[in-house]
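K.L.:
The structure under discussion is supplied below as structure tokens; questions concerning it will follow.
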Amino acid sequence: MDLLQWALIAFVVAIVAGLFGFTGVAQGAASVGRLLFGLFIVVAVVFLVLALLGVSILA
């Protein structure tokens, strides 16, 4: 699983926990989801910059 999938899973857990009234769990899952989404964005931007500079990561 990649970071974006984990962020989406944390988002779904936060929504379901919030619906059932588990606000502490929902807040924790939302925090994890935000963190993972932020990491995903940072990694994506780094790879984009490297690609624009012509740096091959897989070679």
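The values are calculated or read from the model by the stated rules, or taken from the named source; none is laboratory data. Not measured: the values here are computed from a predicted model. Positions of Cβ are generated from backbone atoms using ideal geometry, with glycine treated the same way; all protein chains shown enter the neighbour counts.
K.L.:
Restricting to the range 1-58, count the residues that are hydroxyl-bearing (Ser, Thr, Tyr) and assigned to a helix (DSSP H, G or I).
P.N.:
Residues meeting the conditions: 2.
K.L.:
Quick one: in the range 1-26, of everything that is surrounded by 14 or more Cβ atoms within 10 Å (Cβ to Cβ) and of a type in the set (Gly, Ala, Ser), which residue is nearest to VAL43 (Cα to Cα)?
P.N.:
ALA7
K.L.:
Report yes if LEU35 is modelled with pLDDT of 85 or more and in contact with a helix residue (DSSP H, G or I) (Cβ under 6 Å, 6 or more places away or on another chain), otherwise no.
P.N.:
Criteria not met by LEU35.
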